[in-house]
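In what follows, a structure is listed as C-alpha cells, so that the remarks can point back to it.
The values are calculated or read from the model by the stated rules, or taken from the named source; none is laboratory data. These numbers come from a predicted model, not from an experiment. Cβ atoms come from the backbone with ideal geometry, glycine included; neighbour counts cover every protein chain shown.
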C-alpha cells in the first residue's frame, strides 16, 4: 500500500527550512513513501474581509487528509513560527479537527442524533497520522529558539497526530546557509526516516524517536511554574517540582495531546454553550450598551 508524506515548507522557497525539509522528504522517499511538498508562501490564505481572494486553505486540508505523515519545516521568527503558519492552523484546526469531538459526533449520528453545536464532521480526521517538526534559525543560543517547536504542536494535537521526532537548529542566519551545517542536514534525513518508518501507525502505537525532553508527552522543555506546581506550556501535562529540581508528572490526562482532555474540553464547550443559550436575551441586551460607542478608524478613511 502506498503511503504519502506531506511536507510543509514555511520559509523562503529554496531557503534553509526548505533545504532541511527536502532532505527529510528525500529520506522518506528512500524508505518507500510517496512525498509531496507544499510551500506555505504559495498558499492564498485570506483571513480578513477578502472574500473575493482565492482561498487555498481547504485545498491544503484535502492534502492533509490524504496524507499518512506530515513534516513541517519552519524558520524561527522572533522566537516562534511565521504568522502565516498560525493563520493556516487557525483556519483549519481546532474543534473542527478535534479527534475526540469528531468521534463523538460520528457516534451521535450513527444513533440518529444530531449534535447540540454545529461542528464540521470529517471522519478522515481519525485516520492514523504521524508527524515530525524542523525549526531553523540564525541565532546560536537556545533562548531564541524556545517557542518555535511548542507553537508547531498546534498543527497536530487536535487530530491526535503522533509527533515522532522534532528538532531545532540555529546558526543559519543567511540564505541557504544551513547547507554548511552537515550535522543538521544529517539530522533532517534522520527525522525523515523516523517519520517514514511509522507511517500508518495509530497514535498509541507510535514511538517517539527524538530527544526525550522534560515532558513525557510532547517531549519539550517549556514549563509554567506556580510555586512547586508544574504545567507543560506546550501540552498542559501537570506535575510537581521535586526536591532534586526534577519534575514528577502527576497527571498526564490534563495534556491536550490526550483524548481524555479533548473529551473534557468538548464537555466544557457544550456546557458553556448551554449556559449561554439560556441567557442569550440578557447577553444581547447587555451588548447593546456598546453599539453607539464607535471610535473605529479604517484604512479606506483617509
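Here is how the numbers come out for the structure above:
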{"read-out": "Hey, residue 195 within 21 Å of residue 138 (Cβ to Cβ) and either touching a strand residue (DSSP E or B) at 6+ places or on another chain (Cβ under 9 Å) or modelled with pLDDT of 95 or more (or both) or not", "value": "no"}
{"read-out": "Only listed residue being within 17 Å of the chain's Cα centre (by Cα) and in the same structural domain as residue 95 (by TED's automatic domain parsing), chosen from 256, 195", "value": "195"}
{"read-out": "Scope region 171-185; condition in a loop (DSSP other than H, G, I, E, B) and in contact (Cβ under 8 Å) with a residue 60 or more places away in the chain; matching residues", "value": "172, 175, 176"}
{"read-out": "Residue ID - surrounded by the most Cβ atoms within 10 Å (Cβ to Cβ), chosen from residues in region 1-44 that are over 21 Å from residue 190 (Cα atoms) and within 17 Å of the chain's Cα centre (by Cα)", "value": "40"}
{"read-out": "Residue list for region 186-198, filter: assigned to a loop (DSSP other than H, G, I, E, B) and either surrounded by 21 or more Cβ atoms within 10 Å (Cβ to Cβ) or at positive phi (or both)", "value": "198"}
{"read-out": "Segments classed as strands (runs of 3 or more DSSP E), wholly inside region 216-302, with at least 3 members that are at negative phi and either touching a helix residue (DSSP H, G or I) at 6+ places or on another chain (Cβ under 9 Å) or crowded, with 17+ Cβ neighbours inside 10 Å (or both)", "value": "229-232"}
